[in-house]
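Asks: Could you have a look at this structure, given as structure tokens, before my questions?
The values are calculated or read from the model by the stated rules, or taken from the named source; none is laboratory data. The structure presented is a predicted model; accordingly, all values stated were derived computationally and were not measured. So basically every Cβ, Gly included, is an ideal-geometry build from the backbone, and we count neighbours across all protein chains shown.
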Amino acid sequence: MTLTRRYRMTLSGMALVLTLPAMAADPWDERTPALGDRTTMPTGRLSRSDLDALTAQGEALFSAKFTSLDGVGRPGATQAIIPTRRKHPREQTFFRTAGLDAGACSSCHNEPVVGGAGDFVTNVFVSEGFESADFDSLDPQFSNERGTNHLFGAGLIELLAREMSGELQAIRGKALEDARSSGQTVRLPLSAKGVDFGFITADADGSVNLDELAGIDTDLVIRPFSQKGVMTSLRQFTVNALNQHSGMQPSERYGARWTGTDDFDSDGVSREVSDADVSALVAWQATRPSPARVVPDKSGWAEAARRGEQVFGDLGCTDCHRTSLPLEKADFSDPGPYDAAGTLNDTQVAEPAIYDLTLNDWAQHLDRDEQGRLLVPLFGDLKRHEMTDRDITGFGNELLSQRFVDRNSFMTAELWGIGSTPPYGHRNDFTTLHEVILAHGGESRKTRDAYDAAADQDKSALVAFLKTLVIVP
Amino acid sequence: MKIFRNLTLAALAASCAGALLSFPAQGAETDVPFTADIPSYHEEAKSAGIDHSYTGPWEYFVGGGVASFDCNGDRAPDLFLAGGSSKAALFVNASRTGGALSFRPKDTGLSDDDLTKVLGAYPLDIDNDRHTDLVLLKLGRNVVLKGGPDCRFEKANRAFSFDGGRAWSTAFAATWEGSNAFPTLAIGNYVDRSAPGSPFGTCDVNQLLRPVTGEAPDYSEVLPLEPSYCTLSMLFTDWDRSGKPSLRITNDRQYYRGGEEQLWDLPEGQLPRQYTASEGWQRLTIWGMGIAEADLNADGLPEYALTSMGDTKIQKLDDEAGEDRPTYRDTAYELGATAQRPYTGGDIKPSTGWHSQFADINNDTKLDLFIAKGNVQAMPDFAQNDPDNLLLGDMAGRFQEKGMEAGIALDTKGRGAAVDDFNMDGMPDLIVVNREAPASLFRNMGAKTDWGYRPLGNWLKVELDNGKVNHAAVGALVSVRVGTQTLTRRIQVGGGHASGQTGFTHLGLGVAERATIRVQWPDGEWSHPYRVFANQHVRIVRGEDNARYWYPAGP
């Protein structure tokens, strides 16, 4: 525990500290040592050793059971992602539905290892959190229930999303340029890395019509994280989650710049999570290894998996669950380019940290295409799709849209690691792969029906294939 | 200057003495530290190509306006600056997005007669042809300029049957009443110099010009707004959420006798009628220079910032009076916004306030208040070094003066002004017309750090398209929801000091990355919600399902 950390306490926090049996210098001190361990944000290109040190702190923070001395609790603030004061105090610090609902990030992200997914018991409840901050019901009119996603390969996912956002915005720029120069309306297909996102139409006056966008937000930023695809970056997700689940408020959004106080949640602890702490958490998440294919050494599995992969393509699953997407550059910059104010972005700092994800051993095993691009085997397309229709409603159990996304629209689940992360579905309520495949409606109805009509052997082979997509501890 | 020497200093002293002796420069003390971003303004008028002064003898002690509007269809604000005895001038915006400010002077093709003796300028599209027109307030016959493509203008007094009068015009406002195809115009006049006993007690008559029904604008019928009290700013406003505009007028007590601030009821198809004490209107006499309107608490009942010599007023409808009674109380002191004397420079004499404008200058969702300041000319009892105010809204709902830190505390005599985003980067810039000195043009650089400048909070700029009539939706309300906050802006033409603007309406969003917009169109109809992302120029076309985004040309 550093002096800096000790002085973070406000006076009321100090009073609390003085009554505690363990002092800051004691090895049994009940504060998280890794919190505030780094006083400045990392900048510039990081060496392998720099990155290792950063991720080591990040791992410690990810696994830390934060305490009230660290700043757990938000008696004066809600779980909302926009700093929002609570109208009424409440008795409980922890509260299974509206939060706080976790002692540590790893309390939920732990299957098969830390950073992984979670069982149904780790489901969380998301709402916009402004008007019904203290909902104590599982009724879907108050919140949407979400299973815990794994974070393996998350750095590659964010980089893919950034490159795709750049491609799509470049198309928008070209449409505008063409429209302005020709004086005519210009309509162009929006496509990035082979994934189609509808059309954009630009008028000569510089306006763009957004009516024909498909599966992406209107600012053409791909938000790859969360089941709905509404989080831009690991950094944004980290800031949100720390507040919602642990009442640990990162200064970059909940600090004095935006709220007028260093203790917005009124728990007596100021500046609970520094920008550098968030950077460490991001680095650890971004460098989680990409899931791999591992065929169990069991008779017939290899052959079934080969057949299953064939079936996976033949049925049309790869239309959305793309086997891989190519990544031009593996340099991960943090803060990144697409976050809006409230999450640090690269214009808000002197210089972001940059780390090459291929410095990690696991990245050496990734395939490259003929252009030398990394092929990220995500089995996804980073696009949202409608997943229900009149007959198939398995994913249609929600009443609230989330962050402007319709109730029945979800980001294509990346299937890498799915063999390690049952149960399935955005609510973690499908126990078998067979069941979750049959729950695909809406845009995926045709493929689902093809699966349903397939021979039992092919269905079985498909399951065998999917179960080879695992997280390797 | 002679005319000002008879200033009723006793009254001023009575109103200000306490403040000068014991009160801070802006109002009640606050112990709330200001922790939000302070924008850093860089003055770059000369390098931007604007070298323009507002000049002239005592008739031009008032006025000095600027119109900020797009005249060439690129949606970037161009500028028309009044010149007083010098020629007014048009500057076309050539700034790169987010870059240094740059303007090119543009010949309007108008005569010297039309371009001189201009005190103020207000832009609006009178004839619904989607080209912004300009109303020039003059010493003498006012001029209406019909806008055309590529910043071309032609004088339209005859075409619009707009006489223009011969008065000393100093205020303007416009709105669309009822289902009229063309706007109602209000023109405020100052001293009638030809009247016996002028200038004291000889205020000229203000005018209300309702359009005569027809295919083209016809302002041949003029209604006098009597009594008039030497008006320096006026604004159509829906003060009581009735959906009907009333006309708020601020007047200069320097010259009137028995006058006061005014609020006119404008029953449709009937003669205007001044609200009276029996209806709750309370007599207030100030050296009224400018009006700014904002709904600080988004309750639908707007507040008004009134500039004056000495204390600025921020009037709020008195809760105890009832919403249907126009009884206002001054909240400037409790809000820390009296700005009654200079905050820097050492001059403790009272300030002189002119243009006022609310805007979220640092994009933190809190409304800020800009006030142009400057001695009338050489009034010895008022501050000579009187820098413009930048009162930033704090988290406690008050204002804190940050003009010094922001870099706008110049020793100039500010008059008209416009807070507008000239380089289209979402951070409001600022132009101030100065008397007898070059206009100041400030680029908002963002917040200064030890490594450079960082952008401010998120923002949104909204342009409404109401259709064929009143396409810019004057009178509409833009209501933006972010989290638990509702932010509102009313689309208006008028107010300020001799200065107006059209184009995108700016809102700061703080840390919100998305927002929901609803529009109450001028006829009162509410739109469905439009979901938009932050940091976008948004176009909302009435009747369309989705908002559109707009992007500036070039890199």
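Asks: Being under 15 Å from A:Leu315 (Cα atoms), of a type in the set (Phe, Trp, Tyr) and either at pLDDT 95 or above or in contact with a strand residue (DSSP E or B) (Cβ under 8 Å, 6 or more places away or on another chain) (or both) is the requirement here; does A:Tyr424 meet it? Can you show your working first?
Replies: Details: under 15 Å from A:Leu315 (Cα atoms): no; of a type in the set (Phe, Trp, Tyr): yes; either at pLDDT 95 or above or in contact with a strand residue (DSSP E or B) (Cβ under 8 Å, 6 or more places away or on another chain) (or both): yes.
Spelling it out, it is not the case that A:Tyr424 is under 15 Å from A:Leu315 (Cα atoms), of a type in the set (Phe, Trp, Tyr) and either at pLDDT 95 or above or in contact with a strand residue (DSSP E or B) (Cβ under 8 Å, 6 or more places away or on another chain) (or both).
Asks: Give the residue that is farthest from A:Gln348 (Cα to Cα), with candidates limited to residues of the stretch A:253-276 that are of a type in the set (Val, Ile, Thr) and outside any loop (DSSP other than H, G, I, E, B). Reasoning before the result, please.
Replies: Restricting attention to the stretch A:253-276, the residues satisfying the condition of being of a type in the set (Val, Ile, Thr) are A:259, A:261, A:269, A:273.
Subsequent filtering for residues that are outside any loop (DSSP other than H, G, I, E, B) retains A:259, A:269, A:273.
On the way: A:Thr259: 17, A:Val269: 25, A:Val273: 17 Å.
Among residues in the stretch A:253-276 that are of a type in the set (Val, Ile, Thr) and outside any loop (DSSP other than H, G, I, E, B), the one farthest from A:Gln348 (Cα to Cα) is A:Val269.
Asks: Further question on the same structure: Can you tell which of B:Trp287, B:Trp239 is over 21 Å from B:Thr488 (Cβ atoms), buried (at least 20 other Cβ atoms within 10 Å of the Cβ) and not assigned by the TED database to the domain that holds B:Val482?
Replies: Numbers: B:Trp239 fails: over 21 Å from B:Thr488 (Cβ atoms).
Just a single option satisfies the conditions, and that option is B:Trp287.
Asks: If you go through the stretch B:538-555, how many residues are in contact (Cβ under 8 Å) with a residue 60 or more places away in the chain and assigned to a strand (DSSP E or B)? Give the steps one after another, and end with the answer.
Replies: So in the stretch B:538-555, the residues in contact (Cβ under 8 Å) with a residue 60 or more places away in the chain come out as B:538-543, B:550, B:552-555.
Still in the running and assigned to a strand (DSSP E or B): B:538-541, B:550.
Result for the stretch B:538-555: 5.
Asks: Here's a follow-up. On the given criteria, is A:Phe465 under 28 Å from A:Leu159 (Cβ atoms) and assigned by TED's automatic domain parsing to the domain that holds A:Phe312? Talk me through it step by step, then tell me what you get.
Replies: Numbers: under 28 Å from A:Leu159 (Cβ atoms): yes; assigned by TED's automatic domain parsing to the domain that holds A:Phe312: yes.
When the stated conditions are applied, A:Phe465 passes them.
Asks: I'm trying to understand the selection: among the residues of the stretch B:468-483, which are within 14 Å of chain A (Cβ to nearest Cβ) and surrounded by 23 or more Cβ atoms within 10 Å (Cβ to Cβ)?
Replies: Start the filter on the stretch B:468-483 by keeping residues that are within 14 Å of chain A (Cβ to nearest Cβ), which leaves B:471, B:480-483.
Answer for the stretch B:468-483, where residues must be within 14 Å of chain A (Cβ to nearest Cβ) and surrounded by 23 or more Cβ atoms within 10 Å (Cβ to Cβ): B:Val480, B:Val482.
Asks: Condition test on A:Asp178, is it within 13 Å of chain B (Cβ to nearest Cβ), in a loop (DSSP other than H, G, I, E, B) and acidic (Asp, Glu)? First the steps, then the outcome.
Replies: Values: within 13 Å of chain B (Cβ to nearest Cβ): yes; in a loop (DSSP other than H, G, I, E, B): no; acidic (Asp, Glu): yes.
No; evaluated as a whole, the condition is false for this residue.
Asks: Restricting the stretch A:116-141 to residues that are in contact (Cβ under 8 Å) with a residue 60 or more places away in the chain and of a type in the set (A, V, I, L, M, F, W, C), which is surrounded by the fewest Cβ atoms within 10 Å (Cβ to Cβ)?
Replies: It comes out as A:Phe120.
Asks: Among the candidates B:Leu101, B:Leu119, B:Leu110, B:Leu136, which residue alone is within 22 Å of B:Leu441 (Cα to Cα) and part of a loop (DSSP other than H, G, I, E, B)?
Replies: Numbers: B:Leu119 fails: part of a loop (DSSP other than H, G, I, E, B); B:Leu110 fails: within 22 Å of B:Leu441 (Cα to Cα); B:Leu136 fails: part of a loop (DSSP other than H, G, I, E, B).
Only one candidate qualifies: B:Leu101.
Asks: Still on this structure, I have one more. Given the options A:Thr358, A:Thr323, A:Thr347, name the one that is surrounded by fewer than 22 Cβ atoms within 10 Å (Cβ to Cβ), part of a helix (DSSP H, G or I) and among the polar types (S, T, N, Q). Reasoning before the result, please.
Replies: Details: A:Thr323 fails: part of a helix (DSSP H, G or I); A:Thr347 fails: part of a helix (DSSP H, G or I).
A:Thr358 is the lone residue from the list that is surrounded by fewer than 22 Cβ atoms within 10 Å (Cβ to Cβ), part of a helix (DSSP H, G or I) and among the polar types (S, T, N, Q).
Asks: Pull up the stretch A:455-472, narrow it to residues that are part of a loop (DSSP other than H, G, I, E, B) and closer than 9 Å to A:Gly417 by Cα, then point me to the one that is nearest to the chain's Cα centre (by Cα). Full working, then the answer.
Replies: Going residue by residue through the stretch A:455-472, those that are part of a loop (DSSP other than H, G, I, E, B) are A:455, A:467-468, A:471-472.
From what's left, closer than 9 Å to A:Gly417 by Cα: A:467-468, A:471-472.
Values: A:Lys467: 22, A:Thr468: 23, A:Ile471: 17, A:Val472: 20 Å.
Once the filter is applied, the top-ranked residue is A:Ile471.
Asks: B:Gly508 - would you say it is assigned to a strand (DSSP E or B), at pLDDT 95 or above, within 14 Å of chain A (Cβ to nearest Cβ) and at negative phi? Give the derivation first.
Replies: Working: assigned to a strand (DSSP E or B): yes; at pLDDT 95 or above: yes; within 14 Å of chain A (Cβ to nearest Cβ): yes; at negative phi: yes.
Criteria met by B:Gly508.
Residue by residue, here is whether (1) at pLDDT 95 or above; (2) away from chain A (no Cβ under 14 Å); (3) surrounded by fewer than 18 Cβ atoms within 10 Å (Cβ to Cβ); (4) within 22 Å of the chain's Cα centre (by Cα) holds:
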| position | (1), (2), (3), (4) |
| --- | --- |
| B:Met1 | no, yes, yes, no |
| B:Thr8 | no, yes, yes, no |
| B:Cys16 | no, yes, no, no |
| B:Gln26 | no, yes, no, yes |
| B:Glu29 | no, yes, yes, no |
| B:Asp37 | yes, no, no, no |
| B:Ser47 | yes, yes, yes, no |
| B:Phe61 | yes, yes, no, yes |
| B:Ser68 | yes, yes, no, yes |
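Asks: Within the stretch A:192-201, restricting attention to residues that are over 17 Å from A:Gly380 (Cβ atoms) and of a type in the set (Val, Ile, Thr), which residue is surrounded by the most Cβ atoms within 10 Å (Cβ to Cβ)? Explain how you work it out, then say what you get.
Replies: Of all residues in the stretch A:192-201, those over 17 Å from A:Gly380 (Cβ atoms) come to A:198-201.
Then drop every residue that is not of a type in the set (Val, Ile, Thr), which leaves A:200-201.
Working: A:Ile200: 26, A:Thr201: 17.
My answer is A:Ile200.
Asks: OK, next. B:Ala472: assigned by the TED database to the domain that holds B:Arg415 and not polar (S, T, N, Q), yes or no? Lay out the reasoning, then the answer.
Replies: Working: assigned by the TED database to the domain that holds B:Arg415: no; not polar (S, T, N, Q): yes.
Here the answer is no, as B:Ala472 does not meet what is asked.
Asks: I want to confirm something. Restricting to the stretch B:70-121 and keeping residues that are touching a Pro at 6+ places or on another chain (Cβ under 9 Å) and among the hydrophobic types (A, V, I, L, M, F, W, C), which single residue is surrounded by the fewest Cβ atoms within 10 Å (Cβ to Cβ)?
Replies: B:Val92
Asks: Turning to a different aspect of this structure: With a cut-off of at least 2 residues that are assigned by the TED database to the domain that holds B:Asn362 and either charged (D, E, K, R) or modelled with pLDDT under 95 (or both), name the strands (runs of 3 or more DSSP E) lying wholly within the stretch B:395-465. Show your work before the answer.
Replies: On the way: elements: B:399-401, B:414-420, B:429-434, B:440-449, B:452-454, B:458-465.
Passing ranges, in order: B:414-420, B:440-449.
Asks: Quick check: anything in the stretch B:161-176 farther than 16 Å from B:Val118 by Cα, touching a Lys or Arg at 6+ places or on another chain (Cβ under 8 Å) and aromatic (Phe, Trp, Tyr)?
Replies: no
Asks: I would also like to ask the following. Taking the stretch A:277-293, which residues are outside any helix (DSSP H, G or I) and of a type outside the set (D, E, K, R)? First the steps, then the outcome.
Replies: We begin by selecting, within the stretch A:277-293, every residue outside any helix (DSSP H, G or I); these are A:287-293.
Those that are outside any helix (DSSP H, G or I) and of a type outside the set (D, E, K, R): A:Thr287, A:Pro289, A:Ser290, A:Pro291, A:Ala292.
Asks: Here's a follow-up. Inside the stretch A:202-251, can you point out the residues that are touching a Ser or Thr at 6+ places or on another chain (Cβ under 7 Å), within 9 Å of chain B (Cβ to nearest Cβ) and surrounded by fewer than 24 Cβ atoms within 10 Å (Cβ to Cβ)?
Replies: Scanning the stretch A:202-251 gives A:Asp203, A:Val208, A:Asn209, A:Leu210, A:Val221.
Asks: Any residue that is part of a strand (DSSP E or B), within 11 Å of another protein chain (Cβ to nearest Cβ) and of a type in the set (Ser, Thr, Tyr) - is there at least one of those in the stretch B:526-537? Write out each step before concluding.
Replies: Of the residues in the stretch B:526-537, the ones part of a strand (DSSP E or B) are B:526, B:530-533, B:536-537.
Restricting the remaining residues to those that are within 11 Å of another protein chain (Cβ to nearest Cβ) gives B:530-533, B:536-537.
Then keep just the ones that are of a type in the set (Ser, Thr, Tyr); that gives B:530.
Yes, the stretch B:526-537 contains a residue that is part of a strand (DSSP E or B), within 11 Å of another protein chain (Cβ to nearest Cβ) and of a type in the set (Ser, Thr, Tyr).
Asks: Right, next: Please find, among A:Leu375, A:Leu382, the residue that is part of a loop (DSSP other than H, G, I, E, B) and either within 14 Å of chain B (Cβ to nearest Cβ) or not small (Gly, Ala, Ser) (or both).
Replies: Numbers: A:Leu375 fails: part of a loop (DSSP other than H, G, I, E, B).
Exactly one of A:Leu375, A:Leu382 is part of a loop (DSSP other than H, G, I, E, B) and either within 14 Å of chain B (Cβ to nearest Cβ) or not small (Gly, Ala, Ser) (or both), namely A:Leu382.
Asks: Among the candidates B:Thr331, B:Thr412, B:Thr365, which residue alone is among the polar types (S, T, N, Q) and within 30 Å of B:Trp264 (Cα to Cα)? Full working, then the answer.
Replies: Working: B:Thr412 fails: within 30 Å of B:Trp264 (Cα to Cα); B:Thr365 fails: within 30 Å of B:Trp264 (Cα to Cα).
Selected residue: B:Thr331, the only one of B:Thr331, B:Thr412, B:Thr365 that is among the polar types (S, T, N, Q) and within 30 Å of B:Trp264 (Cα to Cα).
Asks: Something else: Quick test of your reading of the structure: B:Trp521 fulfils all but one of (1) within 22 Å of A:Leu220 (Cα to Cα); (2) out of contact with any strand residue (DSSP E or B) (no Cβ under 7 Å at 6 or more places or on another chain). Name the failing condition by number.
Replies: Failing condition for B:Trp521: (1).
Asks: Condition test on B:Thr516, is it in contact with a Phe, Trp or Tyr (Cβ under 9 Å, 6 or more places away or on another chain) and either acidic (Asp, Glu) or within 12 Å of chain A (Cβ to nearest Cβ) (or both)? Lay out the reasoning, then the answer.
Replies: On the way: in contact with a Phe, Trp or Tyr (Cβ under 9 Å, 6 or more places away or on another chain): yes; either acidic (Asp, Glu) or within 12 Å of chain A (Cβ to nearest Cβ) (or both): yes.
Judged against the criteria, B:Thr516 is a match.
Asks: Are there any pairs, at least 6 apart or on different chains, whose C-beta atoms fall under 7 Å, with the first in the stretch A:68-86 and more than 14 Å from chain B (Cβ to nearest Cβ) and in a loop (DSSP other than H, G, I, E, B) and the second buried (at least 20 other Cβ atoms within 10 Å of the Cβ) and aromatic (Phe, Trp, Tyr), and if so, which?
Replies: Qualifying pairs under 7 Å: A:Val72/A:Phe66.
Asks: I need every pair where a residue in the stretch B:444-456 that is more than 9 Å from chain A (Cβ to nearest Cβ) and within 20 Å of B:Met424 (Cα to Cα) has its Cβ under 6 Å from the Cβ of a residue that is of a type in the set (Asp, Glu) and crowded, with 16+ Cβ neighbours inside 10 Å, sequence separation at least 6 or different chains.
Replies: Note: pairs meeting the criteria are B:Asn444/B:Asp429.
Asks: Shifting gears a bit: Show the residue pairs meeting these rules: Cβ distance below 8 Å; 6+ apart or different chains; first residue within the stretch A:379-405 and acidic (Asp, Glu); second residue part of a loop (DSSP other than H, G, I, E, B) and modelled with pLDDT under 85.
Replies: Taking only residues 6 or more apart or on different chains, the pairs are A:Glu398/A:Pro140.
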